1. Mind listing just one residue for me: the one in the range B:308-346 that is part of a helix (DSSP H, G or I) and not small (Gly, Ala, Ser) and, of those, nearest to the other protein chains (Cβ to nearest Cβ)?
2. Here is a check on your reading of the model: is A:ALA53 among the aliphatic types (A, V, I, L, M), assigned to a helix (DSSP H, G or I) and within 14 Å of chain C (Cβ to nearest Cβ)?
3. Residues of the range C:145-161 being touching a strand residue (DSSP E or B) at 6+ places or on another chain (Cβ under 8 Å), part of a loop (DSSP other than H, G, I, E, B) and either without any contact (Cβ under 8 Å) to a residue 24 or more places away in the chain or more than 7 Å from chain A (Cβ to nearest Cβ) (or both), which ones?
4. Considering only residues that are of a type in the set (Ser, Thr, Tyr) and closer than 26 Å to A:LYS273 by Cβ, look in the range C:115-144 and name the one that is nearest to the other protein chains (Cβ to nearest Cβ).
5. Residue by residue through the range C:234-284, note down the ones that are among the small types (Gly, Ala, Ser), more than 15 Å from C:LEU48 (Cα to Cα) and within 14 Å of chain A (Cβ to nearest Cβ).
6. Return only the number of the condition from (1) more than 14 Å from chain A (Cβ to nearest Cβ); (2) at pLDDT 85 or above that C:ALA332 does not satisfy.
7. Residue check: is A:ILE33 surrounded by 20 or more Cβ atoms within 10 Å (Cβ to Cβ), modelled with pLDDT of 90 or more and on the phi < 0 side of the Ramachandran plot?
8. B:LEU112 - would you say it is of a type in the set (A, V, I, L, M, F, W, C), in a loop (DSSP other than H, G, I, E, B) and modelled with pLDDT under 80?
Amino acid sequence: MLRNLTMTTIILILSLCLLAGTAAATGTYKIGIVTPTLSASEDEFRGAERTAAKHPGMIRHITLPNNFSEEQETAITQILGLGDDPEVKAIVICAGYSGILPAIQKIKEKRPEMVVITAPIWDDPDMMAKYVDLALDTDWVQRGISIPTKAQKMGAKTFIHYSFPTHMAKEVIAKRHDMMKATCAKLGMQFVEVTTPDPTTGAGPSPMLQFLQEDIPRQIARYGKDTAVFGTNCPMQDVIIAKALELKFIMPEQCCPTPTQGYPAAMELAIPKEDAGNFDKINATIKEKAAAAGMTGRLSTWPVPVGYFFPEFSTELAIEKIEGKVKNYDMAEMKKTAKKVAGVEVAFNKMKPEIDNYYLIIMDSIIY
Amino acid sequence: MLELRGISKTFGPHSALSEVSLSIAAGEIHGLIGLNGSGKSTLLHILFGSSFIHETGGYNGSCFLDGKPFRFTSPAQAIAAGIGMVHQEFALIPEMTVAENILLSREKGFALTDTLFPRDFSLLDPRKNDHEARRALEYLDLKIDPRQKTGNLALNIRQFIEIAREISRDNLRLLLLDEPTAVLNTADAGNFLATLRHLADKGVAILFTSHRLPEIRGLCDRLTILREGRTVGCCDVRTASLGAITHLMLRESVTKAGRFRSRPTDDPILTIRDFQVAMAGEELLGLDLDVQRGEILGLISLSGHGKLAFGAGVIGQLPFRGSLQLDGATNPPSSSAAMIARGVFFLSEDRNRLGLLPRHSIMDNIAFSALQHDNRFLHPSLPRCLRLPDRRAIRRHGERCIREFDIRCTGPAQPVGELSGGNQQKVRIAHALTLSPRLMVVNEPTRGVDIAAKERILDMFLAINDRAGTTIVIASSELEELRRVCDRIAVLYQGRLHAILEPTADDLLFSRAISGKPVLH
Amino acid sequence: MIVRARHVPQMVIAIFLCAMAGGALLLEIPLPWVINDALVRLAMNGVLVLSLVPMLNVGIGINFGLPVAIVAGLLGLCLTVNWRLTGSLGFTMALALSTVIAVCLGEVYGRLLNRVRGREEITATFIGFSFIPLTNFFWATAPFTNPAMLWPIGGIGMRPTIGLKSYFAKILNTWMPLEIGPLTIPCGLLLFFGLCCLLVHLFFKTTPGLAILAIGENEGYARLCGIDVDRMRRLAVILSTVIGAVGICVYAQSYGFIELYDAPMMMAFPAASAILIGGSTTGRATVAQVVAGTFLFHTMYVLSGPLANDLLVPEMAEIFRLMMTTGVILFAMLHHGGRHARPSETL
């Protein structure tokens, strides 16, 4: 009895392995996408969903635990589980956490042929470059040059930077601020720095938002309509865009560039359920509303949120590599693919000159 | 030993004391008398260094202890100098036990930890502390468990504990007593006064305020009389007559209230059987009593024998067991609201905690319950559902009460917290009467009230009983006042009815009944 | 001396405000703007501060559970927007719906608070905090249908901020504006706030209002006088909740957005600061204190921001303002403690 059972099991397992082998050989394979949960980050989750819809049956989408820092072990086991599936030939991780690299190391030790693309994870760049096929991230600091440059193109003569002490203490934001200041000086724009009440102290963000509501009209009265306003904090964007519609100043980019931040609330975008997540439709609606408010050419952002763009883009890159279209990723190839996915030009910069598989991106903007 | 020269004190625009001088020798018991608001308490608080004296701008004049000048800004300094004070308002911590309260900040530690650590960190020895507290209580002839929490005890017991705390101090040289006997009944007071005499014989100087002239005369060596913040007399007790002292105090003579007796009927408004109320220190263990319609019934007992629990049980402040029949209805819902709706009102003895709304004006206090329950004083020209009161009617009513009951105040809009104890009591009674209750239960109506106010209050009871036929039950420790106003006096002993006596019965009979000895009718 | 000490915090802040106003004049910050902003802020925050009054007066203390009231108001607002009701009809509807929801929530909240005698403030704080995740779940899953309120990518669940411009944003702010030279006084908004104040003031003249005051002052005595203390406390909580719900409606229309999710979490604290700065103590708060406190507290914000930015000391200003407000609150509480410690009969 027992022997029979063991035999059947062994046969079953053997046949399964055979099946998997033939499947791999005939070119049907799977790609694993790892994202945070919907409640932790909507963009990445929906991006993965969209990719799955684009390639039916090809995507295995798993989500990391909500409290990542406390359940890191669970997360690593989940990713290793993906690596154990012989059908999975590539893994795309869009998580924005640090501490995932050990999982990648283990997978690569076991299956060196596995394609691993991170977009992004935040571990040590040099180590990542060693194990990962391709690492992608947004070029936060470089935006210190791109945003004022864009603002000037849109007609700005003055550039106002709204922030507060605890934010300015963050390295990336402070660096970007310094670059903005330098760029403005180079371009001959006046750079104005305004400190708002701090939303991290006691009373929360409402004093900051009330201050913005009162201060923006004052600043516009002082510097005129050809002023670009940039705020470093997400809740600010609703007020800035609403005030832009009212006072006709320039809003070159939000802190997190996407049509879905600030615009929906300020413009009361009504997006029908069937169009939800359709960025062409959303951008068209914003354009329409901007024109109605006489704001054509004075509002801008990236056409697709990076979080939404990365899963699909990375998956396309992974497919190219698995199907042998590319051996090593180079900038020109990636640019083409990125344009296909995002619909606009995407600029790539090397993270460090000596590393050739870690790139930072800046998307071309859409100006409504 | 103690000498005060030219003490003056003002509270804002009001002058509380002006140019008061006083001297006390060691071992002397010095009486300080005067009406409510004459500045007695203020003087004691100045001596004790109470913080509010300092906060309200200090005082003028100088004090000397053994010839050395002093000016205390906190009670701690006074205590260190050997001065103790028993407060009119209790300064006991309700969540602590009797022993802890008595020995507060003087606790005894284990000898070992005492030597190892600084005193503040020593481990306390509960047995030593209990023993110490028990000794202090025995000194006062008080038999209670020192491990009980003070918050649950009856008022007079709490007063004793307060006293025990002061007299148990080793370095005590001057004891300040602010109306210590006000909440004690005659027997307790006598006991207490003997203790004081004993203390004085040991060389402790005592400054003593009281409303009870006979008590002062019996106890004190010398007297200082205050009127409106000034010394109006200082005399040796043996040479001064009672009349002369009263005259100095009042500058007007007092007409005593007296009862023109009504005939007892047999129509009980309230009948209680096997009535039990678990009031800590004042338990009723099964009272059977009929209260006749239209009478004034006195309740008397030694403290701890349950007279105060009667009102609390009837009104539903405390739950009761047994049966209660009010106007024919048996065991009606026992809540204050239901009882007030049935025309019963209760004035608690705890004037500080359950007395009044101190920050509200006199007129608002008087109209409060009538407005809440009877919809009286609602604005006549507005819809009644808005429930907006008619301020003018309330003021008119307040003014009438002030006139009628002789409430001493600056006007109907004065907050009652600023009034003296006696006048607050008048406001409380005016408040109760505004409801026109059919049965009123009053606990200790004249406690801590000066002679003049006391007579007005007794007069008020007589008048309302006479005019409106209100039945009144007065629970009091003052036999003399009960005899003057009551139709019958019920004597309670150990939580049960012991006897019902005519107010005309002689003193001997009363003292027998009160101490639980059989009484022949 | 005591009488004078009572208004020290208010005086300190008033002097500070005057100094700042002087500074603003020197730096040529247009004063009409400042005055205008101060008036708008007074009215938009005032109703929320006013909502603390009933619970303070019944002796429960500061309503740190204000998020409960705010959520009631937000629900009313969201329903109105969901049904696409605009203009004054929309705003009236939002007020009516909020009131109904607030009565229901307030009843439950009141019953909860009645169970935790003596620890109401800390319980209320945690009720407020724990209510937020619960409502977050609701916002993320509630079956609202107006696409202008839903997530733009997924199409399910509410957005964190919902614009009100085409519904009833600024409906009170722009109602009957009175222009005096460069100054625009938002009469409609002030009138609405005044009306709320008047209603609350009048309520404390009615018999239930007086009963609430009596409970706040001496609960044992009020009980002895036959007041149904539990019922009255519940009434006070419901009132606080209703006024708070109306308050967030006023706030939202002036701000121009409905803020969902974690936004109500911290809203109780500025309101508490304002009423304490106004000089109220536990057990007694008046409408005048609400107005004075809100005005002082928020004008400080209005003035300090631009002034500090023009003086190029933004960080200092932030620290200084925090010191002022928290210091004043501490002073108010200490002062209250001092008055409590004094014996009641001194004369």
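The values are calculated or read from the model by the stated rules, or taken from the named source; none is laboratory data. Note that this is a predicted model, so its numbers are computed, not measured. Here Cβ is always computed from backbone atoms with ideal geometry, including for glycine, and neighbour counts include all displayed protein chains.
1. Only one residue fits best here, namely B:ILE340.
2. yes
3. If the condition is that a residue be touching a strand residue (DSSP E or B) at 6+ places or on another chain (Cβ under 8 Å), part of a loop (DSSP other than H, G, I, E, B) and either without any contact (Cβ under 8 Å) to a residue 24 or more places away in the chain or more than 7 Å from chain A (Cβ to nearest Cβ) (or both), then C:TRP151, C:ILE156, C:GLY157, C:PRO160 are the ones that fit.
4. Taking the candidates together, the pick is C:THR141.
5. C:GLY256
6. Failing condition for C:ALA332: (2).
7. yes
8. Against the criterion (of a type in the set (A, V, I, L, M, F, W, C), in a loop (DSSP other than H, G, I, E, B) and modelled with pLDDT under 80), B:LEU112 does not qualify.
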